[in-house]
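Student: Got a structure for you, questions after.
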Amino acid sequence: MKIRSRPGSLMVCYLAVISVFLLLPQLIVVVVAFSEASFVSFPPPGYSTKWMVRVLSDPSFMKPLWNSVVLGLSASIMAAALALPASLAIVRHRFQGARALQNFLLSPLSMPTLILAIALLFFLNDIGLGNTYAGLVFGHVVVVLPYLVRTIVAVYSGTDPRIEEAAYTLGAKPLSTFWFITLPMLRPAIFAGGMFAFLVSFDEVAVALLLSNASSITLPVSILTYLTYNYDPAVAAISVIKMIIVVLALLVLERFYGLQNLTMQSR
Amino acid sequence: MSRPRSMRQNARGYLLTFPAFAFLVVFFVGPLIVNLFESVKNEDGGLTYAQYVRALGDAYYLEVLGDTIVLSLAVTIASLVLGYPLAIAIARSRGALKSFLIFLVVTPLLINVVVRTFGWMVIFGRSGFINAILKLLDLDTATLTGTWTGIGIAMVQVLLPFMVLSIASTLEGIDGELEDAAITLGATPLKTIIHVIFPLSLQGVITGTLLVFALSMGSFVTVMLMGSNSTMVLPLLVYQQLNLASDWPFAAALGNILIFVVLIATALQLGLAKRGVRR
């Protein structure tokens, strides 16, 4: 029981150091966002909310923020529509090659997104979708689909098939079993997977960098572009606004699903 | 189970998975194949290996490829060493501590890599956090911005969560009684970790190292923002060929070389893993 119950002093030390390492960059960004200086320095010479106000009223940040929200929602909903039937089949209809198919649906996870972005750039041009919004959405669906499949498969595998069998035995048709039994069981998983997918899309840089244009530019891309040419607290301020959105989403996720489950399904 | 039923199971399974399968074939596999063609196509539509000869025959591109691999290996090893104890702590703690540790790992994962890199730029920068401390101590100021060390540290922070989550999910599945047994039989905690926990968690270690290696081979944001003229990695070079030089075939070829390295690493590790399991 020793390892499990009582962390030693060495372990406590290590956990403190690693906590600082993992959290410091974000904390520093938050502090810089409230700097009153017109340049980046740490610690800031004084504090004010002027950068926050400036960023919130700057369309060159707010438009991309709105674009990111719309793109994240479109990609997540479309990916959920594809992932749900596939996950149901993988878990319940143990058909030949189900395992291989699951791995295939998860495979975009191990592809560097920049490579995917370049490949999509060539491909979308060839099929006449070059520089279109649809192309950008499809790119993000590829990126987020695995997260939905993983979450739904993980939750659905943990449910008892006898509940659905009972419904069948009592005379329910497949479609009504799905609607009244399976879907309610899976609602938290679809919601959590969708939320996770939204966050991944909201954060994605490479595909958005290559496939978006001036009118569809996303928030991470606009921050990246801004940071390439400027180094001032505006970047920190918009980052903090983005963080607030992510943390709110995380709190909702935790309420419906539990963050603990994320560690169980990272494979 | 009778044969007709299992055939119906199969048919229904294929029908339900078809939309997702077809979508990925078109928008994931399709583009990768087009990418391959793009890199071996010459002006009149014939096949040519010229782009690959150009990439692999040039000392500069080879050096960039080498630097990228070395950086990715260093980041992967550092993530494994730093992350393993954290994974153990997550798998073996309960209640509030566990929630905090998971929060610790998941939060950075959801903060954009651009934002975190900016954080490191402020930490390492000329009028940044570390220099503020150095000044307080009356020491000479220094900057890690633009160095491989600075880039490596920032990338470990970005990628460490992936390693920790992969290992923790395997450790969660290991029966805690095994450790209790080892300790009851007189093994020290360190020995227990080396001889009992680590071998059992090998699957998670392999998943984590593969993931972190592949991700760092593909990351360009940190180098793009923090790097200098002397730090160049392959993915950033690909991006520049595409965006600044508009040399699409060459960008495609460099991208394929990147994929190839990741695939070799995957095959090597899976091979090693199989031998490890058999032993």
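The values are calculated or read from the model by the stated rules, or taken from the named source; none is laboratory data. What you are looking at is a predicted structure, and each value in this text was computed from that prediction instead of being measured. As a convention, Cβ positions derive from the backbone with ideal geometry for all residues, glycine included, and neighbour counts pool all protein chains shown. Areas reflect the complete protein model, heavy atoms only, side chains present, ligands, DNA and RNA absent. Shrake-Rupley method; radii C 1.70, N 1.55, O 1.52, S 1.80 Å.
Student: If we scan segment A:40-52, do we find a residue that is under 20 Å from the mean Cα position of the chain (by Cα), away from every other protein chain (no Cβ under 11 Å) and assigned to a helix (DSSP H, G or I)?
Tutor: No, the conditions are met nowhere in segment A:40-52.
Student: Still on this structure, please answer the following. For residues that are under 24 Å from B:V106 (Cα atoms) and either touching a Pro at 6+ places or on another chain (Cβ under 9 Å) or surrounded by fewer than 15 Cβ atoms within 10 Å (Cβ to Cβ) (or both), tally how many sit in segment A:31-69.
Tutor: Here the count works out to 4.
Student: Is it true that A:G158 is under 20 Å from A:G194 (Cβ atoms) and open to solvent by 50 Å² or more (accessible area, probe 1.4 Å)?
Tutor: yes
Student: Enumerate the pairs (first residue in segment B:62-80 and within 13 Å of B:M232 (Cα to Cα); second residue anywhere and among the aliphatic types (A, V, I, L, M)) with beta-carbon separation below 6 Å, excluding pairs fewer than 6 apart on the same chain, so at least 6 apart or on different chains.
Tutor: As it stands, the answer is B:V64/B:M232; B:V64/B:L234; B:V64/B:L237; B:L65/B:L234; B:T68/B:V233; B:T68/B:L234; B:S72/B:M217, since those pairs meet every condition given.
Student: Tell me which of these B:E179 doesn't satisfy, since it passes every other one: (1) more than 7 Å from chain A (Cβ to nearest Cβ); (2) without any contact (Cβ under 8 Å) to a residue 40 or more places away in the chain.
Tutor: (1)
Student: Turning to a different aspect of this structure: Hey, could you check segment A:206-228 for residues that are more than 14 Å from A:V69 (Cα to Cα) and within 9 Å of chain B (Cβ to nearest Cβ) and say which is surrounded by the most Cβ atoms within 10 Å (Cβ to Cβ)?
Tutor: A:A206
Student: Please work out if B:Y52 is at pLDDT 90 or above, assigned to a helix (DSSP H, G or I) and out of contact with any Leu (no Cβ under 9 Å at 6 or more places or on another chain).
Tutor: When the stated conditions are applied, B:Y52 does not pass them.
Student: Just the residues that are within 14 Å of A:P112 (Cβ to Cβ), over 16 Å from the mean Cα position of the chain (by Cα) and either more than 11 Å from chain A (Cβ to nearest Cβ) or free of Cβ contacts under 8 Å to residues at least 24 places away in the same chain (or both), please, taken from segment B:243-269.
Tutor: Listed by number, the list holds a single entry, B:A251.
Student: What number of residues in segment B:41-56 are closer than 16 Å to A:D126 by Cα and either surrounded by 15 or more Cβ atoms within 10 Å (Cβ to Cβ) or within 31 Å of the chain's Cα centre (by Cα) (or both)?
Tutor: Matching residues across segment B:41-56 total 1.
Student: Which number in (1) more than 8 Å from chain A (Cβ to nearest Cβ); (2) in contact (Cβ under 8 Å) with a residue 60 or more places away in the chain marks the one condition that B:R92 misses?
Tutor: Every listed condition holds for B:R92 apart from (1).
Student: crowded, with 16+ Cβ neighbours inside 10 Å, more than 7 Å from chain A (Cβ to nearest Cβ) and at pLDDT 85 or above: does that describe B:T117?
Tutor: Considered against the rule, which asks whether it is crowded, with 16+ Cβ neighbours inside 10 Å, more than 7 Å from chain A (Cβ to nearest Cβ) and at pLDDT 85 or above, B:T117 comes out as yes.
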